[in-house]
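Accompanying notes for the structure given below.
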Amino acid sequence: MLADAGLYLSAAGLAHAGAGAAVASSVSRPSGDPDDVIMNLRNTAERYGALAIALHWLMLALLIGVYAAIDLTDLYPKGSAAREALKAWHFTLGLSVFVLVALRLVVRWSGPVPEPAASMPRWQQRTANLIHLALYVLMIGMPLLGWLVLSAAGEPIRFFGIELPALMAANKALAEPLHEIHETVGTIGYFLIGVHALGALLHHYVMRDDTLVRMLPRRPGA
């Protein structure tokens, strides 16, 4: 478990650096033309804009935090302050995923989406689309499931200090099956995220196309 925690923290650092670099890439190159700045932020048919890139890597950092927070609870006894704090952060970061995915959808629907690499077979395109759809369902459904679990359990629902309303009346009998569904879908999420990451690495190192590169920050002068 401690090794897993180290991996979580290392990956979170990489994701944070990726998001920061994405934002910096859009503002570090001064330009006298505001249209140039807007174009750097927006997607094109060839690559993702700095805004979409930053949101992508920030989402990765949040997901790492969500999974790490709940997995690290195993290190502490039930009822301990540390365990309860990790559970609270698990929900807070999970609901942050829900908020961020709404922003990602707005960005995705407000402009073009880069076309798949020309060398990608049709079956791979369809598989990638299904994985992306499943990830969006995960990012929307899991926070709502967690909210339902707390509501059914009659527990307080706090988001950065704000008390949120329950989505349903307290129902202890329903809380447990909802929790089990939440855990099962979370396990499926591990698989989906892993397949998504593996696919990107295969495209970069084996197929050698630009699928991964266009989701990375632009290099200075590029």
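Find out how many positive minus negative residues lie around R47, taking Lys and Arg as positive, Asp and Glu as negative, among other residues whose Cβ is under 9 Å from that of R47.
With Lys, Arg at +1 and Asp, Glu at -1, the net is 0.
Just how far, in whole angstrom, is region 67-112 from region 148-222 if you go by their alpha carbon centroids?
Cα centroid of region 148-222 versus Cα centroid of region 67-112: 8 Å apart.
Are there any chymotrypsin sites (Phe, Trp or Tyr not before Pro) in region 155-212 that are in a DSSP loop and have at most 14 other Cβ atoms within 10 Å? List them by number.
In loop regions of region 155-212 (DSSP not H, G, I, E or B), the sparsely surrounded chymotrypsin sites (Phe, Trp or Tyr not before Pro) are F160.
For R158, what residues show an amide H to amide H distance below 5 Å, using hydrogens built from the backbone and excluding near sequence neighbours?
Excluding prolines and chain starts, which carry no amide H, the hits are L164.
Using the beta-carbon distance between A45 and Y76 and R0 = 45 Å, what value does 1/(1 + (r/R0)^6) give for FRET efficiency, to the nearest 0.05?
Once the sixth-power term is evaluated, E becomes 0.35.
Highest first, please rank the peptides 55-66, 140-151 by the mean number of other Cβ atoms sitting within 10 Å of their residues.
Top of the packing list down: 55-66, 140-151.
Filter the trypsin sites (Lys or Arg not before Pro) in region 114-214 down to the DSSP loop ones having no more than 16 other Cβ atoms within 10 Å, then list what survives.
R208
No lab work stands behind these numbers, since they all come straight from the coordinates. It should be emphasised that the depicted structure is a prediction, and the values quoted were computed from it without experimental measurement. Cβ atoms come from the backbone with ideal geometry, glycine included; neighbour counts cover every protein chain shown.
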